[in-house]
1. Give all pairs with beta carbons closer than 9 Å in which a residue from the stretch A:82-111 that is touching a residue at least 24 places away in the same chain (Cβ under 8 Å) meets a residue that is open to solvent by 80 Å² or more (accessible area, probe 1.4 Å); count only pairs at least 6 apart in sequence or on separate chains.
2. Answer yes or no as to whether B:R100 is more than 9 Å from every other protein chain (Cβ to nearest Cβ), at pLDDT below 95 and closer than 30 Å to B:E30 by Cβ.
3. Looking at B:G65, B:G60, B:G31 in this structure, which one is surrounded by fewer than 17 Cβ atoms within 10 Å (Cβ to Cβ) and away from chain A (no Cβ under 12 Å)?
4. Looking only at the stretch B:2-28, how many residues end up being at pLDDT 95 or above, assigned to a loop (DSSP other than H, G, I, E, B) and away from chain A (no Cβ under 12 Å)?
5. Inspect the stretch A:27-42 for any residue being touching a residue at least 12 places away in the same chain (Cβ under 8 Å), of a type in the set (V, I, T) and under 28 Å from B:P79 (Cα atoms) and give the result as yes or no.
6. Among the residues of the stretch A:70-115, which ones are closer than 15 Å to A:R8 by Cβ, open to solvent by 80 Å² or more (accessible area, probe 1.4 Å) and not in a helix (DSSP H, G or I)?
7. Report yes if B:E40 is at pLDDT below 95 and in contact with a strand residue (DSSP E or B) (Cβ under 7 Å, 6 or more places away or on another chain), otherwise no.
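The values are calculated or read from the model by the stated rules, or taken from the named source; none is laboratory data. What you see is a predicted model, and the numbers here were worked out from it, not measured in a lab. Because the Cβ atoms are built from the backbone with ideal geometry, glycine has one as well, and the counts that use them run over all protein chains shown. With ligands, DNA and RNA removed, areas are computed over all heavy atoms of the protein, side chains included. Shrake-Rupley method; radii C 1.70, N 1.55, O 1.52, S 1.80 Å.
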2 protein chains.
Amino acid sequence: MPLAADDRLTETFSALANPTRRSILARLAEGEATVNELAEPFAMTLPAISRHIKVLEKAGLVTQGQRAQYRPCAIDPEPLREVASWAEQYRPIWEDRFDRMADYLQQLDNREDPT
Amino acid sequence: MPLAADDRLTETFSALANPTRRSILARLAEGEATVNELAEPFAMTLPAISRHIKVLEKAGLVTQGQRAQYRPCAIDPEPLREVASWAEQYRPIWEDRFDRMADYLQQLDNREDPT
């Protein structure tokens, strides 16, 4: 049964709340990789890396091939698209803040240099 | 001492991995609110809501006024801007996937209707 959008976002954010898992995604953005290849850059045991991959897989961020000997991992960008779209709904707020800051700096500037 | 960008992202994602905390942010996006006002729509005790607000505050997503009787909470959108910008780096991947899906559907369409 597919998770409701709210539960899925919770699972995605929870999976992303870890620097190793974000590094794994960054690596997979460059192309598929086996668990061994993913483990290389980290000072971590294979089981530890495998656990991180399981979390990413459960959140739908990574898919893993089924062949026993060679099971490459691939990124699934759909949950990342959902995160971007969720965060973007707050864009008016950060842009408004930026505009007000710019106005304020402009006022300071005018006061110091009244040409 | 400010957190490194990587630690800050981890703290932000961790704070966002909860539907109640995301609802609090959505409410604060409409304007400041006291803890009492924030607690109203949720079937939760004030201490429970306060704990959620503390997590949001620690992650820099919410600021709280200092006056003892009236301490309105406000949203700070900066960490949300960082989340959007982090997720957007994967946009080429989800757009590429979308393009390939569109190509595939186009091919199916051409095959069924060879005009």
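1. Going by the 9 Å Cβ cut-off, the qualifying pairs are A:E82/A:R8.
2. Values: more than 9 Å from every other protein chain (Cβ to nearest Cβ): yes; at pLDDT below 95: yes; closer than 30 Å to B:E30 by Cβ: no.
No, not satisfied.
3. Working: B:G60 fails: surrounded by fewer than 17 Cβ atoms within 10 Å (Cβ to Cβ); B:G31 fails: away from chain A (no Cβ under 12 Å).
Step by step, each of B:G65, B:G60, B:G31 is checked, and only B:G65 is surrounded by fewer than 17 Cβ atoms within 10 Å (Cβ to Cβ) and away from chain A (no Cβ under 12 Å).
4. Count: 0.
5. First, pick out the residues of the stretch A:27-42 that are touching a residue at least 12 places away in the same chain (Cβ under 8 Å): A:27-29, A:32-35, A:38, A:41-42.
Keeping just the survivors that are of a type in the set (V, I, T) gives A:34-35.
Within this subset, residues satisfying the condition of being under 28 Å from B:P79 (Cα atoms) are none.
Scanning the stretch A:27-42, I find no residue that is touching a residue at least 12 places away in the same chain (Cβ under 8 Å), of a type in the set (V, I, T) and under 28 Å from B:P79 (Cα atoms), so the answer is no.
6. Listed by number, the list is empty, since nothing qualifies.
7. no
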